[in-house]
Structure formats: C-alpha cells, structure tokens
Amino acid sequence: MTQQGAALQGYNNELVKCIEDLSLQKEELNKQIKQAEEEKNKLQHQIQVLNEQLECVCEDLAQKVASRNELDKILAETEAAYMKILDSSRTLLNVLKKEVGSLKSTPELKSH
C-alpha cells in the first residue's frame, strides 16, 4: 500500500505541477491579450484621427475645386467678352479707315 501511496503522491505532484504550468501560461497569455488590446485601441484612435484629417482635407479640396471651376468659368466669359471687344475694335477701325478714306476723296477736303 505504501507503493500505491507513493504513486498517488507522485501523480498528485505532477498534477499540481501541470496546473501551475497552465496557470503560468494563462498569465502570459493574459499579458499578451492586454498588450494586443492596447495596441488595437491605439490603432483605432489613430485611424479615427486620420479619418477626421481626411475628411477635412476632402472638404478643403472640394472647396478649392469649386473655386477653380468658378474661376475657369469667369475666365472663359472674360476671354469671350474680350474677343468680342477686339472684334468690335477691329470692325470700328476698318469703318473709320473707310470713312477717312472717303472724306479724303471728297472735293471739299482736297482744297484745304
């Protein structure tokens, strides 16, 4: 019976050792889980900050594109109006040259 008691004591010691090893593994795993959760929270915060920055940049970009489009429209209208002015000026100059040419050929201006 002593042999059986010794065997039982040996099994008990091994079981206690195994339980202690499992407890140590669990503690180590809990540390790793805590670190991973902290890293996850840190990354989620960074993502939130970056998303807010992205939103601001997108809004700013949209405003700038709208302003540029408005400037493009104003520029196109101004250039078209300027071309009309140039065309009118050229027409006026041609008419004026013809009128002056006609006046020079009249007898009243020739005698002076």
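This model, with +1 at the C-beta of Lys and Arg and -1 at the C-beta of Asp and Glu, gives the chain a dipole about its Cα centre of some 1140 debye. Excluding ligands, DNA and RNA, the accessible surface per residue across the chain is 95 Å² with a 1.4 Å probe. Remark: the Cα gyration tensor places the chain in the prolate category, a/c being 1.5 or greater and a/b exceeding b/c.
If you only keep lysine pairs separated by 8 or more in sequence, or across chains, how many in the chain come under 16 Å at the Cα atoms? Walk me through the intermediate numbers first.
Numbers: K17/K26; K26/K34; K31/K40; K34/K42; K64/K73.
Close lysine pairs found across the chain: 5.
Between E27 and E99, the contour length at 0.36 nm per residue exceeds the alpha carbon distance by 15.3 nm. Only helices enter this figure: runs of n ≥ 4 DSSP H residues, each worth -39500 (n - 2.57), summed and divided by the residues of the chain, yield -36500 deg cm²/dmol at 222 nm to the nearest 500. Report the residue, chosen from I19, I33, I47, that carries the largest GNM mean-square fluctuation when the chain is represented by alpha-carbon nodes joined by springs under 10 Å. Result for the chain, Cα springs under 10 Å: I19 fluctuates most. Angle of helix 2-104 to the longest C-alpha principal axis of the chain, folded into 0 to 90 degrees and rounded to 10: 0°.
The values are calculated or read from the model by the stated rules, or taken from the named source; none is laboratory data. This is a predicted model, so every value here is computed, not measured. FYI the Cβ positions are ideal-geometry reconstructions off the backbone, even for glycines, and counts take in every protein chain you see. When the accessible area is computed, the model is the full protein with side chains, heavy atoms only, and any ligands, DNA or RNA have been set aside. Shrake-Rupley method; radii C 1.70, N 1.55, O 1.52, S 1.80 Å.
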